[in-house]
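Visitor: The structure is given below, and queries will be raised subsequently.
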Amino acid sequence: MIAHHLSSPSDNRTLQSYHSLLEENAILRNEIRVAREAAEITANLVVKQFEETERVLRRFQDANAQRKAVLDSATQIAIIATDIEGIITVFNTGAENLLQYQADEVIGKATPEIFLAADELQAHREAFTAQLGRDVKGPEVLLEFARQGRKEQLECTYIKKDGRPFPVVLSISGLRDADGTLNGALCIAMDVTEKKRSEKALAESEQNYRFLIDNIPNIVFKGYADGTIDFFDDKIEDMTGFKRELFATRAMNWFDLIVEEDRPYVREKFVHALKTDKSYIREYRIRKKTGEIVWLEACSHIACDENGTVEFVTGAFLDVSERKRAEQALHESEEKYRSLFISGPDPIFVLDRENLKILDANPSAEETYGYYKEELIGRSFEDLGTFEYEDESFAQLESKNWGQDSVFIQRVKHYRQGGESFYAEVKVCPTTYQDRPAYILASSDITEIIEKDAQLFQASKMTTLGEMSAGIAHELNQPLNAIKIGSDFLRKQIEEGKAVPPEEMHQVVTAVTGQVERASEIIQRLRDFGRKPDFKKEIVSVNSTVRDVMSIIGQQLTLQNINVLYGLDDTVPPVLVNKNRFEQVIFNLVTNARDAIELRTRSEDVPDGNTITLSTSSEGDSVVFSIEDTGVGIPEDRKEKIFEPFYTTKEVGKGMGLGLAITYGIVRDFGGEIEVESTLGMGTRIRVSLPGAENTGS
């Protein structure tokens, strides 16, 4: 029905229009499809373009981040970049650390020339100016290095912000565009302060090593298993007589120099060291070119490879011939000492200096002291006796500044086994015994000598007392007369039957008692002076001793018309002496002065001006007792003889010439000195100097 309907002309036109619309619609749909596809493709392209751009941007950012990380990670390397005008474009963290500038202080504002030492820059400018034939200024110096593409590193000086210089190694390279155009410079600098310091220290160490090698007596060497040897200086020539080149060229083998008898020992020491710690010290002999034998001490170390094979031996030689000779001499000396020690007639002890224990004793010590050697060893020497003064001891010896040759001499009272006592003179000197400080002490029995001296002193004192008899009698007569007057008064009162008033009785009795005491004191002083002397020392006042002596002899001098003057210093310290013997010294000197005055009086008939002056004073650590007389004086040629035994200028029967000799001996025993000053016809002055007690160890 439709087809029928469309079959009309109008219908045909309508159908054609319909078909035309269908065709247009199909074309439109196709165009829309194409457009849609094109849009999708375009959109995809845009997205891809954006993604690519983003990737490129990300890579650029990563590259920048990596570049910055690289620059910032170089904290001890200064990286500085400039453009073609010399303006800084890069200044990394390392540059900040080394140069003390912040990046924002210098980027875009300065040129790296400010970091370089001015004198070094000037030297580069002058070099480039001469090379290029034009004046090179400003940043051109660095750019010229970059332009020429120099690969060498420069050693130059950078300047910190605070002005302090420091050494760097600098590399300069060019920054170029893609077409190769230079548009800047890249400067990379590394601080080499520590390197320079190490190089300097190494150079100094090498210099010191060479100085040490050249100046020490040791000869440093490097040896090998075949006996060849290298020496590091020429001292080997003096030691052996052979040229150093003979060893360096292997023409000389060291083993050939070693004395044949010592070679087995040398090999043995080497093998032992090889099995242990590879180090050894050995002493052996070599024969010089002249035939002379030299002792060597070699301190060596063996160097081995990982397989234990000997690579070389290194060490040093030292000529110890002098030491060996000294050791031989010491051995011979010790043998002689031991021979003398054993055969010595007097007791000899070796004492530990710290505790005075006996370390050794000779046979004479055993015989004299009555102990076996085994009983003496380990015993304190002080168990055998005491010193003259109870507070003295060997401890005081340590306070003496004496040398190895000094000798301390002292008299002591010793006891044999069983308690028998005897006097000994000990001589002590410091020594070394078995590598420890010690004393060697020799003891001599002087009991017989002391007894004879005591007898001589006693005879001298008795003679003196005999000479003083008139004065002593006068001294005793005075208290006796006073006693007689008192007793006569009482007897008369009793005979006449008169009562004695109590106050008068008390006065007479008191006076008698006082005179009895005075007479008793005189007699006691005579007894003290006349007693047999011993040799024990005590603390004594010089002034008191002078007064005690003068209390006995003073009256005698008065009877002989001799005036005594005193100049005693009350501040002088005491002395360490035997009082009885010291009194004898003063007695002898006073009587000698008296005799000199009497001799002058008889020869010149001078009744007046007869004076003896006694004085004391301190001089440094010594106490000085002086006696001055107005006697006849001593001729100059006789001053040295007056202290000799039996020398006298007196008449026969007036003296034996022992007084001053005894005096001299006593003073020397006390560690003192005696001096004489005399003018013939005018008088004599004698000075006795003794060490103060505080300086004697008391």
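Since every read-out is calculated from the coordinates, none of them should be taken as a lab result. Note that the structure is predicted; figures quoted are calculated from it, not measured. Note that we place each Cβ from the backbone using ideal geometry, even for glycine, and neighbour counts take in every protein chain shown.
Visitor: List the pairs from LYS357/LYS537; LYS336/LYS373; LYS357/LYS413; LYS235/LYS324; LYS109/LYS160; LYS243/LYS324 whose alpha-carbon separation is above 23 Å, in the order I gave them. Don't skip to the answer; put the middle values down first.
Guide: Values: LYS357/LYS537 25 Å; LYS336/LYS373 21 Å; LYS357/LYS413 18 Å; LYS235/LYS324 20 Å; LYS109/LYS160 17 Å; LYS243/LYS324 26 Å.
Result: LYS357/LYS537; LYS243/LYS324 exceed 23 Å.
Visitor: Ok, one more. Using unit Cβ charges (K, R positive; D, E negative) and no other charged atoms, how large, in debye to the nearest 20, is the dipole of the stretch 74-197 about its Cα centre?
Guide: With only Lys, Arg, Asp and Glu charged at Cβ, the dipole is about 300 debye.
Visitor: LYS498 versus VAL310, label points 7 Å from Cα toward the beta carbon: distance in nm?
Guide: Between LYS498 and VAL310, the label points sit 12.7 nm apart.
Visitor: Which ordering of HIS506, HIS414 is given by a fewest-first count of other beta-carbon atoms within 10 Å?
Guide: Values: HIS506 11, HIS414 21.
The most exposed by this proxy come first: HIS506, HIS414.
Visitor: Over the Cα atoms of the stretch 216-325, each weighted equally, I'd like the Debye log10 I(q)/I(0) at q = 0.11, 0.21 Å⁻¹, rounded to two decimals.
Guide: The calculated log intensity ratios at q = 0.11, 0.21 Å⁻¹ are -0.33, -1.25.
Visitor: Still on this structure: Determine, for VAL667, VAL168, the number of other Cβ atoms within 10 Å of each Cβ, and report the residues in order from fewest to most.
Guide: Ascending number of Cβ neighbours within 10 Å: VAL667, VAL168.
Visitor: Which ordering of THR663, THR93, THR290 is given by a fewest-first count of other beta-carbon atoms within 10 Å? Intermediate results must be reported in sequence, preceding the final value.
Guide: Numbers: THR663 24, THR93 18, THR290 7.
So the ranking, lowest neighbour count to highest, is THR290, THR93, THR663.
Visitor: Rounding to the nearest 20 debye, state how big the charge dipole of the stretch 105-157 is about its Cα centre with +1 on each Lys and Arg Cβ and -1 on each Asp and Glu Cβ.
Guide: For the stretch 105-157, the charge dipole is close to 260 debye.
Visitor: With a cap of 12 neighbouring Cβ atoms within 10 Å, and only residues DSSP puts in a loop, list the GluC sites (Glu not before Pro) found in the stretch 87-158.
Guide: Sites meeting the loop and neighbour criteria: GLU152.
Visitor: Right, next: If I model a spin label at THR679 and THR249 as a point 7 Å from the Cα along the Cα→Cβ vector, what separation in nanometres do I get?
Guide: Spacing of the two 7 Å Cα→Cβ label points: 8.9 nm.
Visitor: While we're on this one: Please tell me which of these pairs span more than 29 angstrom C-alpha to C-alpha: LYS484/LYS579; LYS427/LYS536; LYS200/LYS278?
Guide: Long pairs (Cα-Cα over 29 Å): LYS484/LYS579; LYS200/LYS278.
Visitor: Here is a further query. What net charge is computed for the residues neighbouring ASP435, neighbours being all others with C-beta under 15 Å from the C-beta of ASP435, Lys and Arg scored +1, Asp and Glu -1?
Guide: Neighbour charge sum, excluding ASP435 itself: -3.
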